[in-house]
Amino acid sequence: MILLLDRQTQIAAGFIAFSGTFLGALIHPAFYILPCFTAAGLVFSEITGWCGMTKLLAKMLWNQ
């Protein structure tokens, strides 16, 4: 099954946000910084049109 690059980015961002919230609630509140940075990155990518996570995912072996 082939996933489009945009969909891979959305899955990765969602996973990071969920993980940070989950770990922040169960382990330590410092993990709440993960969803903050993820949201900031998503806003930045929408404003500028450049997404670092998408660029990183494009270099992964399964996207070659």
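The values are calculated or read from the model by the stated rules, or taken from the named source; none is laboratory data. Note that this is a predicted model, so its numbers are computed, not measured. Positions of Cβ are backbone-derived with ideal geometry, glycine not excepted, and every protein chain shown enters the neighbour counts.
A few remarks follow.
- Residue list for the range 6-64, restricted to those being surrounded by fewer than 11 Cβ atoms within 10 Å (Cβ to Cβ) and of a type in the set (A, V, I, L, M): Leu26, Ile27, Ala30, Ala40, Val43, Ile47, Met60, Leu61
- Against the numbered list (1) modelled with pLDDT under 95; (2) within 11 Å of the chain's Cα centre (by Cα), Thr38 comes up short only at (1).
- Within the range 41-63, the presence of at least one residue that is touching a residue at least 24 places away in the same chain (Cβ under 8 Å) and assigned to a loop (DSSP other than H, G, I, E, B) is confirmed.
- Qualifying residue in the range 28-35 (condition: of a type in the set (A, V, I, L, M, F, W, C), touching a residue at least 40 places away in the same chain (Cβ under 8 Å) and assigned to a helix (DSSP H, G or I)): no
- Filter result (β-branched (Val, Ile, Thr), within 27 Å of Met60 (Cβ to Cβ) and either touching a strand residue (DSSP E or B) at 6+ places or on another chain (Cβ under 6 Å) or free of Cβ contacts under 8 Å to residues at least 12 places away in the same chain (or both)) within the range 8-27: Ile11
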